[in-house]
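What follows is a set of notes on a single structure, which appears directly below.
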Amino acid sequence: MSSYFENFEPSCVWFEIGEKRNILASMLAGTLFSVGWWFIIDAHAKYPSEMPSAYHLCGVFGTLSLFMVNSVTNAQIRGEGYNGGYLGTRGAKGWLFIGFVMGFAAVIAACWILFADFVAAEAKHHWPGVGLFLQNIFIFLGSLAYKFGRIEEL
């Protein structure tokens, strides 16, 4: 049975992305990030009276989380190629942890706002809350795609 699969060559291009993996991961992450912000821009443009300015803090903290998570390389986490700094590897791990916590907190806060102010309160329009939630989900997914989709060269 294994000899059958050894002779089988995949004809799909996606199996052979090789050196294009970093480019594709960056494009996917950028697309997810921009689509996320597009959702909130659309929701605010369509229903400006139902979107208080404080709701945009979720997206701001999600974006800050994206930058924090992706500013730490995997080599810094492992302790390779990191030859200095006051906190060393522990500082890099702490920075990454705080970035992930901020991303999760932004998603949870957007979910809370969605259900508390738009679903349970029986608002006229649900799109502002859904747009806010989708914004933070897409920003977080873009952060994960950029962090774990690329191959770091040493």
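The values are calculated or read from the model by the stated rules, or taken from the named source; none is laboratory data. Being a predicted model, the structure only gives us computed values, none of them experimental. Cβ placement follows ideal geometry from the backbone for every residue including glycine, while neighbour counts extend to all protein chains displayed. Keep in mind that these areas ignore ligands, DNA and RNA; they rest on the heavy atoms of the full protein, side chains included. Shrake-Rupley method; radii C 1.70, N 1.55, O 1.52, S 1.80 Å.
Below, the figures for the structure above:
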item: Residue check for Gly81: at pLDDT below 90 and either of a type outside the set (Ser, Thr, Tyr) or surrounded by fewer than 13 Cβ atoms within 10 Å (Cβ to Cβ) (or both); result: yes
item: Flag if Ile108 is modelled with pLDDT of 95 or more, of a type in the set (Val, Ile, Thr), open to solvent by less than 60 Å² (accessible area, probe 1.4 Å) and in a helix (DSSP H, G or I); result: no
item: Residues (farther than 15 Å from Trp127 by Cα and of a type outside the set (Gly, Ala, Ser)) located in the range 96-116; result: Leu96, Phe97, Ile98, Phe100, Val101, Met102, Phe104, Val107, Ile108
item: Test for Ile40: is it surrounded by fewer than 14 Cβ atoms within 10 Å (Cβ to Cβ), part of a helix (DSSP H, G or I) and at pLDDT 90 or above; result: no
item: Selection count where residues are over 12 Å from the mean Cα position of the chain (by Cα) and aromatic (Phe, Trp, Tyr), scope the range 62-110; result: 4
item: Qualifying residues in the range 119-129 (those that are assigned to a loop (DSSP other than H, G, I, E, B) and not aliphatic (A, V, I, L, M)) - the one least open to solvent (accessible area, probe 1.4 Å); result: His125
item: Per-region count, the range 2-33, residues surrounded by 14 or more Cβ atoms within 10 Å (Cβ to Cβ), of a type in the set (S, T, N, Q) and modelled with pLDDT of 95 or more; result: 0
item: Candidate set: the range 84-105, residues that are free of Cβ contacts under 8 Å to residues at least 12 places away in the same chain and open to solvent by 90 Å² or more (accessible area, probe 1.4 Å); chosen: the one farthest from Asn136 (Cα to Cα); result: Tyr86
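Residues checked against (1) surrounded by fewer than 13 Cβ atoms within 10 Å (Cβ to Cβ); (2) in a loop (DSSP other than H, G, I, E, B):
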{"residue": "Ala45", "(1), (2)": "yes, no"}
{"residue": "Leu64", "(1), (2)": "no, no"}
{"residue": "Met68", "(1), (2)": "no, no"}
{"residue": "Asp117", "(1), (2)": "no, no"}
{"residue": "Gly131", "(1), (2)": "no, no"}
{"residue": "Asn136", "(1), (2)": "no, no"}
{"residue": "Gly142", "(1), (2)": "no, no"}
{"residue": "Lys147", "(1), (2)": "no, no"}
{"residue": "Ile151", "(1), (2)": "yes, yes"}
